[in-house]
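What follows is a set of notes on a single structure, which appears directly below.
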Amino acid sequence: MKKLLIGILVLAIILLAVDKIFFSKKAATGPELPKQQALTSSKNSAIFNESFEQLLKTYFLLKEALADYDTGRANSAALQLAGSADSLKTNEIKGDSTGDIKKTAADFAGTISGSAKGLRREPDLTKKKREFSMISEALYNLVRTVRYDRQKLYHQHCPMAFNDEEEAWWISNSNKIDNPYLGRKHPKYKASMEGCGDITDSLDFSK
């Protein structure tokens, strides 16, 4: 009996010592923090990405102006967009050993610039939106060509952009439909068709 009591006492002392060592170590080191993940690096140069972000910024300004039926803002945004397209740093595109990607990108940027200048000259809003349609398709192909990876973009579609029967597309940085063709001040539908449309493609080259 005496030996049993001594054995239990020794075991209790050992457990107490282990518990003290474990918790003192945990207190010293603090709680384990989640590991910080490394930032995703871009496939293109910072100079190119900066110029592309400016291109997108001016494109979205134009899209918003058209949705608001504001020709003055649309003309100003179109001028900025043409400048951004002309200034796109296609020579800074990486991973293009043959030069084909740079040339194709420059061609699409040229189309955007030309259509933006044409849009600015058009007095008729519907004709401005037709130019915008051409700009949008050139931008969609440009994004896929250079594999722009700084944000997710959406290729969106309106089935009744012109005359209630002709379809057209545009680029958005949101999955929400904000239709620039039917817009918020349509002469027939007013703002009721602002959300008309669907997403036909999502562009995410960050993976």
Some residue of region 164-179 being under 23 Å from residue 85 (Cα atoms), part of a helix (DSSP H, G or I) and of a type in the set (Val, Ile, Thr) | no
Filter region 76-91 for residues that are of a type outside the set (A, V, I, L, M, F, W, C), surrounded by fewer than 17 Cβ atoms within 10 Å (Cβ to Cβ) and in a helix (DSSP H, G or I) and give the result.
-> 76, 83, 86, 91
In region 166-207, residue farthest from the chain's Cα centre (by Cα) [restricted to those that are under 18 Å from residue 127 (Cα atoms) and basic (Lys, Arg)] = 188
Output yes when any residue across region 93-107 is touching a helix residue (DSSP H, G or I) at 6+ places or on another chain (Cβ under 8 Å), under 25 Å from residue 67 (Cα atoms) and modelled with pLDDT of 95 or more, and no when none is.
-> no
Would a scan of region 110-129 turn up a residue that is touching a Ser or Thr at 6+ places or on another chain (Cβ under 9 Å), of a type in the set (A, V, I, L, M), under 22 Å from residue 201 (Cβ atoms) and without any contact (Cβ under 8 Å) to a residue 40 or more places away in the chain?
-> no
Consider only pairs whose beta carbons are under 9 Å apart and that are at least six residues apart or on different chains; among these, list those whose first residue lies in region 168-183 and is at pLDDT 95 or above and charged (D, E, K, R) and whose second residue is assigned to a loop (DSSP other than H, G, I, E, B) and surrounded by fewer than 22 Cβ atoms within 10 Å (Cβ to Cβ).
-> 176/195; 178/184; 178/194; 178/195
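The values are calculated or read from the model by the stated rules, or taken from the named source; none is laboratory data. Values in this document were obtained by computation on a predicted structure and should not be read as measured data. Don't worry about glycine lacking a Cβ; one is built from the backbone with ideal geometry, like all the others, and counts go over all protein chains shown.
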